[in-house]
Amino acid sequence: MDKRKLLVGLALPAIAFALVTSYVTGTISGKVWQAIILDSCEADKGTCEIAGDKLSFTWSMDGVYQGSTYHANVTLKNLGNGDIEVDPEVVNITATGGNEEFEGSVTIEPDTLTVPAEGTAKFTITVTIHDAEEPGEEYQIDVDVKPVSAGE
């Protein structure tokens, strides 16, 4: 066989394969929405209201008494299709009037919870007013529900 024919015969398949660079292409776009929202808030003292965007709540305890304990149950809803772990936590407590220090205690249980895909999960906030809390003192307790950080 002629060497030139052999070289041309070998080169033609390489040229044919080089002509196709891709068969299909695609573009994916989207916009991320908040997956975790508030579903309900129920308190045994005062009122617990959820904002219209369902991203914040206000528990107005009204008048509370020294030595008393109060509870609110907050239910979160997951609009996504995957489970999400969250940490509800007290991030700040301020007080005005009296000695301007809240001596009571605030606990949130559980410390960490998993909100199942397209489901709900509940945590409880417990506020205990100290026996000797000064009458007339007003307080504000700030709570955040944060995503569990990777590695925790």
Report yes if HIS130 is under 16 Å from ASP44 (Cα atoms) and not aromatic (Phe, Trp, Tyr), otherwise no.
-> no
Identify the residue in region 121-147 that is surrounded by 14 or more Cβ atoms within 10 Å (Cβ to Cβ) and within 13 Å of the chain's Cα centre (by Cα) and, among all such residues, is farthest from ALA95 (Cα to Cα).
-> ALA121
Residues located in region 61-113, provided they are surrounded by 12 or more Cβ atoms within 10 Å (Cβ to Cβ), on the phi < 0 side of the Ramachandran plot and of a type in the set (Gly, Ala, Ser) | SER68, ALA72, GLY80, ALA95, GLY104, SER105
Those residues that are part of a loop (DSSP other than H, G, I, E, B), surrounded by 13 or more Cβ atoms within 10 Å (Cβ to Cβ) and in contact (Cβ under 8 Å) with a residue 40 or more places away in the chain, I need them from region 30-60; list them, please.
-> ALA35
Which of the residues belonging to region 36-62 are among the small types (Gly, Ala, Ser) and touching a Lys or Arg at 6+ places or on another chain (Cβ under 9 Å)?
-> SER40
Which condition number in (1) touching a residue at least 40 places away in the same chain (Cβ under 8 Å); (2) in a loop (DSSP other than H, G, I, E, B) is the one that THR75 fails?
-> (2)
Scan region 34-59 for residues that are touching a Cys at 6+ places or on another chain (Cβ under 8 Å) and polar (S, T, N, Q) and report the count.
-> 1
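Throughout, read-outs are computed from the coordinates displayed, never taken from laboratory work. Keep in mind that this is a model prediction, so the values were computed, not measured. Using ideal geometry, Cβ is built from the backbone for each residue, glycine included, and neighbour counts are taken over all protein chains shown.
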